[in-house]
Every structure is written in C-alpha cells, then in structure tokens.
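Right, one structure below, let's go through it.
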Amino acid sequence: MTLAIVLAAGSPAASLPAGDGTALADRLAAQWRSAGVTDVRFAADLDELADLVGGSTGPVVVSGADLVAHTAVLRHLVTSPVGPTVALVLTDPPAGGRTTVREERGQVVDAGPAHRLDGEATGIFGGAVRVGRDDLPALVAAARAAATGRLADVAAGHGDGGPRVEPPGPAVDQVFTGLTAQGVLVFAQRVRLLVAHRVDDESGLSGARAAVAEVDEDRAELRLSVKEKDDFFTTYFVSTWSPYVTKAAARLGLSPTGVTMLSVAFAVAAAALFASGGRLALVTGGVLLYLGFVLDCVDGQLARYTRNFSAWGGWLDTMADRAKEYVVYAGLGWGATAAGVRYGWALAIAAMTLQTVRHMTDAWYGVLHDEAARRPKAVGTGGGGGIGDRLNAASTKVQADTGSLSYWLKRTVVFPIGERWALIAVAAALFNQRIALLAVLTWGVLAFAYTGALRTLRARWMWVPVLDTLDATLHRDDGPLAARLPVLRRPGPLVLAVLAAFGAGALLVTALLVGADAGWLRWAVPVALLMLLLGAAGAGAAHNGPLDWLVPAALRAAEYVFAIAVGVIGQAPAWLIFGYVFVLTLHHYDLVARLEKRQPAPPLHAATLGWEGRSVLLAVAAIAGIASIGMATLGIYLLVLFVASVVLAWFVRPARVPAGAGRSTTI
C-alpha cells in the first residue's frame, strides 16, 4: 500500500484555483489517487509529515502543492521500477529557492541550491519523491531536522566536507535535500514528452495548464514506452513500428510475461529451423528470429505502457533473453554439425562461453559505475586522472551527442543484443550456420577486447572497490570448499582468478592439440584443478583493488573452460558439454539478475556447491573415466536445483506473504 502526502507548508500555490472549482492542492491529491496511490493525506507542516511517515509501513510519496503535471507523470513516479526511492526531476530553471540536482547514470548524486552545485546541476527537484520502505527512517530524520532548522545536522558523517548549511526553501525541497544528504540512493525520474512544472502564481499556473492540455497523454505514453536510448538496429529497425504491436497487445489484454513467452517460442522455432538446415529453413529461421526480437522489445514496451511491472517479470525477461539466445546457438551448432562441419558444436560452446563472460563483465562494470556515482568525491583519488580521466570525459561527451556518428559507433561496436540477433539472422539466411557462429565469435571477441581495454583504464581512474560493498562470496559463487581453504591475500583475488582461468585454458588447449585419446591427459586434470583452486584461495582476501570487479567474470571463465576441458578429455558428446555449460549460465545469470534487481540469493544457492566444488566433482569423474556420466548427473542436479529455486523464490514464498504486506515492484 502506497501513501501519498501533499505537503502544503511554505507553498503559496497550494490555494490557487485549479480550474475545476477546487484548490490546486486538492486537484493534486485527486491526481495521486488516479495515479494508483491507495491513501492520500495532507500535512500542514513538517512535524505532521514526520508523524505520518513514521506510522507508514509501505512506500511513501511526498509532494509539494505547487506541482502541475499530467496524471501519467505521477503514475510513472509511483510505479517506477528503477529503485525503491525515486525523485521527479525537471529541466525548468531554478527559482524560488527550489533544490537543484546533479545526476550520474540516472542517480541523484548531489542536491542543493544552484550556487552550491556551481553549474554542475543537471535539473531541478520536481517537488515529488517516492521513498521506499527501507528509506523511511531517513525521510523522518530529514523532516524533523528541517522542522527544527537543523537540516545540516543530518549530513553529519556523509561526504568529505562535513555538514553544510543550506539556505531555506520550500518545505518539500528541504526534506528532499535532507534525504539525499544522508546518502540515500535516489534515482531520477525524468519527464519526457509529457508535461510537469512547479508554479508560484496564477500566471505560472495558467501557462502550465495550457502546456498540459496541448499534449495527448495516451499518445505520449505509447511513445514513452520505447527506450529513450537504444541500440542502432533496435532504434531504426524495431522501434519504428513496435509501438503499434505494443498498442495491439494492450488492447488484447496480453501481459508482458505473455509476450515474453511468445518471444521465446519464436526463438525456439528459429533454432529448430537452423538445426534442420536447408535454404528455406535458414531464411525462415532468420525471419522468425527477427520477429522474436521485436516481441522481446514489445514485452518491455508493454510493461512501461501499461505500468505492469513486477519483480518476477523483470527476472523472467532477463533470464529469457539469455536462454533463448543460447538455444539459438545450440540450433546453429546442431545444424552446422549435421551439415558436415566438424567443429559446429565447438563454435556454439565458444560463442556461449564468450558471451556469458562478457555479460558478467558488463554487469560488474555497471555496479562499479553506480558505486562511483554514489561516491563522486572518491573518484580519481587512486588513479590520479591521466588517460582514464580523459577517456571518461570523452565517453561522456559522445554519449551526450545523441544521434551522431560517434554516438552510434560507440553503441554498435560493443555488439549489443539487437546487433547480435540481426547478424545471426542475416548470416544464417544468406550463408549458413557455421558463418553465423563465426561472425558472432569474431565480432564478440573484438567487442570484448575493445570494451575490456577501455573499461580497465577507466576503472583504474575511478579506483572504486566494488566488492567491498557487496556480498563477495555470493557473487563470486563460492562454495563450502572455498570457505575452508587457506586465504592467500597476495597477489590478490584477481590475479588468483586469472591464474585459475589460465590453468583451465592450458588444459583445454593441450587436450585439443594432443587429442583426447592420450591416456596421460586424465592425470593432467588434477594439476589444472590445483591451479583452479588458487582462485578459491582468494575468496577471503579483500576485493578492494581497482580491477577486482573482474573477479566474478574471471571465475566464470575458469569454471566453464575447465568443464569444457574435462568434457573433451573424457570424450563426452559435444552436445552434452554445451548442455552442461548452458545450465551453469542459467545459474550465474540468476545471480546477476538478482544483483541487478536487488533480490536476495536463490533459496537453494548453498546446495549448488560453488564453482570450485562443481569443478572438483568433474575432476574426480574425469580421473575415474566417467566424465560423461559425471557431467550429465551434475548438470541434471543443477537444473533441478535451479527450477526448484525459481518455484520457491517466485511462487511458494511470495504466496506466504501476509495479505497487505508490501512487495517489490522492481523490474
């Protein structure tokens, strides 16, 4: 249940006539109800606001009485999936003591009067903020401090400069400034295409109402369902017509989850056609793959258009994207092998492994950037600027130059999902499965090298210890064995993880060069395993190096390559090796999806044994000469655990939540 509190204190606009016989504050309260808020209250002063917030058990929306906006703007704030605490941010010029804000990567990293931000402001506070349940104590503290004129006190212990005395302003702005000063993670909700303004007098109210009336709210919402910044292929070959599909899906009453499942069905059909081979099947598969990607875009657009967000839907969308892409790789590998390509399955396994490790680096680099944005004063203290500083500035400049050649080159060279699916569809339709897989691998390797080099330089400049703020054991995917190994604090967890991957890679290369039928190879497995366990020995060491965000990806590479090497040495069928690594990717994408959606660990995570425990079991199976049996058994075990965790996390446990209890709507 969401509570909205309209704070009229210090707002001369509260009593202005709204044009329908009511005051502006009353009109705003009615809009909050239309936006989906279950309970709307008025607060005459900051003490009353603090009392109301203190008695709430769910999210709270606090707004001033001077906001004139489309109801859709308020609905977007109430239902925003980006995080628990979200603030409305406008592009209006600062006036009347209103708070200005500075944003990075969609987060409000600073807030205060315009003179203090000294030209770094990116917008002004829009007079409304939705505060998540966990942040309500900070909201109460900000309201109490503002009510007693001690707003600077709430900043004690935050930032480098100590408490800052802010000049007075509207009550809602004071509360928001106090909230951000406590280090609360606040996301920014921008207004695009729709209208929102803060007003002071009848002239401003008249102009704002006229601006609202000029915009078709439903048409604007449909256009807003398309991501503001997307990749080149998606922008020009999908989003130009996918909103019409989104509108039709909404009229048919389809849910975003239903569209996701349709997208999966199209991808599976395309994979089956790729596996069967033949020119007609390849062309048809390419068309179905394209249509499946359109539906993949539509599910998100439909969620934004209908405001139908859920944690389950967001998780399912993330997992489905990866699963159907790898099913397509399997279809291509199967088809290439059937067409006489000796290494068809090997190409599919390599493509899947490469893409997963890339995604792991993407996820953790995003966490690094978000952490750096929340601690802007710490950025650059270790690296001293230099090339990293220049690269950061250049990247920011290119990203701001929307639509330019450099902008599209930067977005395309990293090989995003739209470009991957387009390349697969075209290469398979015009050539064959082998060419499609080789194209994906070639572009993927180049993209990995490009992004890896630039991110390494920028990360050294940022010098932010990401894994110090998160559960390193969970996101490393360590098992019970890693917890019992001696801790090697030198040369550091990243070096140890890279050595683990190097040992696995050396074993695989040796097996491929000398042939799997060389009997002595079985006894090289323990040597590689010992090197692998060096990575586990770094689990207890501090992950505070500038590049330690690469540790999870390095460990994924080590486990996957070791499993592939064991499969090759044990002469397991290539499709079995692919299937085992595919199950591992599901497990690891589940961890990353939960990281991104701020969800706890999977219910049965401890039973997955950890990456090092699974590797030990595979090594034992290889030495015993039953690598295929061991890989199949362990793969089935992990798949059963994955399905059971999904059922427990999303169906059994939520069903036990008492009626009326708050539930996450993050997607």
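Below are the figures for this structure:
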{"read-out": "Under 12 Å, Cβ to Cβ, from E221 - net charge with Lys/Arg +1 and Asp/Glu -1", "value": "+4"}
{"read-out": "Qualifying trypsin sites (Lys or Arg not before Pro) in segment 174-225, DSSP loop, other Cβ atoms within 10 Å at most 14", "value": "R192"}
{"read-out": "For the chain, size of Cβ-based charge dipole, Lys and Arg +1, Asp and Glu -1, in debye", "value": "1640"}
{"read-out": "Extension gain from H115 to Q571, taking 0.36 nm per residue of separation minus the Cα-Cα distance", "value": "157.2 nm"}
{"read-out": "Average projection area in nm² (convex hull over Cα atoms of segment 1-124, one quarter of hull surface)", "value": "8.2"}
{"read-out": "Most to least accessible of E120, E325, E217 (protein chains only, probe 1.4 Å)", "value": "E120, E217, E325"}
{"read-out": "Cα pair distances of segment 39-100 binned at 10 Å [whole percent]", "value": "15, 46, 36, 2"}
{"read-out": "Kirkwood Rh in Å, taken over segment 317-377 so that all alpha-carbon pairs contribute", "value": "13.5"}
{"read-out": "Rg over Rh [alpha-carbon atoms, Kirkwood Rh] for segment 402-494", "value": "1.14"}
{"read-out": "Segment 88-140 shape via C-alpha gyration tensor axes, a/c threshold 1.5", "value": "prolate"}
{"read-out": "Dimensionless Rg ratio for segment 275-322, taking C-alpha atoms and the 2.2 N^0.38 Å reference", "value": "1.50"}
{"read-out": "Net charge dipole size for segment 266-339 [Lys, Arg +1 and Asp, Glu -1 on Cβ; Debye, nearest 20]", "value": "80"}
{"read-out": "Accessible solvent surface per residue of the chain, calculated while the other protein chains remain in place, 1.4 angstrom probe, Å²", "value": "41"}
{"read-out": "Whole-number percent relative contact order across the chain, with pairs defined as alpha carbons under 8 Å at least 6 apart", "value": "12"}
{"read-out": "Fraction of beta bridges assigned by DSSP in the chain that are antiparallel (%, nearest 5)", "value": "60"}
{"read-out": "Convex hull volume per residue for segment 6-76, taking Cα atoms only, in Å³", "value": "79"}
{"read-out": "Relative contact order of segment 252-365, pairs being alpha-carbon contacts under 8 Å that are 6 or more residues apart, as %", "value": "31"}
{"read-out": "Relative contact order %, segment 100-141, counting alpha carbon pairs below 8 Å whose residues are six or more apart", "value": "35"}
{"read-out": "Accessible heavy-atom area order of F293, F431, highest first, probe of 1.4 Å", "value": "F431, F293"}
{"read-out": "Ratio Rg/Rh [Cα only; Rh per Kirkwood] for the chain", "value": "1.00"}
{"read-out": "Portion, in percent, of the accessible area of the chain that falls on carbon or sulfur, probe 1.4 Å", "value": "62"}
{"read-out": "Gyration tensor verdict on segment 540-662 (Cα atoms; rounded if a/c is under 1.5, prolate if a/b is larger than b/c, oblate otherwise)", "value": "oblate"}
{"read-out": "Overall form of segment 433-583 per C-alpha gyration tensor (a/c, 1.5; a/b vs b/c)", "value": "oblate"}
{"read-out": "R390 versus E596: modelled label distance in nm, points set 7 Å from Cα along the beta carbon direction", "value": "3.3"}
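The values are calculated or read from the model by the stated rules, or taken from the named source; none is laboratory data. Everything numeric in this text was worked out from a predicted model, so none of it was measured. Counting neighbours? That spans all protein chains shown, and the Cβs are built from the backbone with ideal geometry, glycine included. Keep in mind that these areas ignore ligands, DNA and RNA; they rest on the heavy atoms of the full protein, side chains included. Shrake-Rupley method; radii C 1.70, N 1.55, O 1.52, S 1.80 Å.
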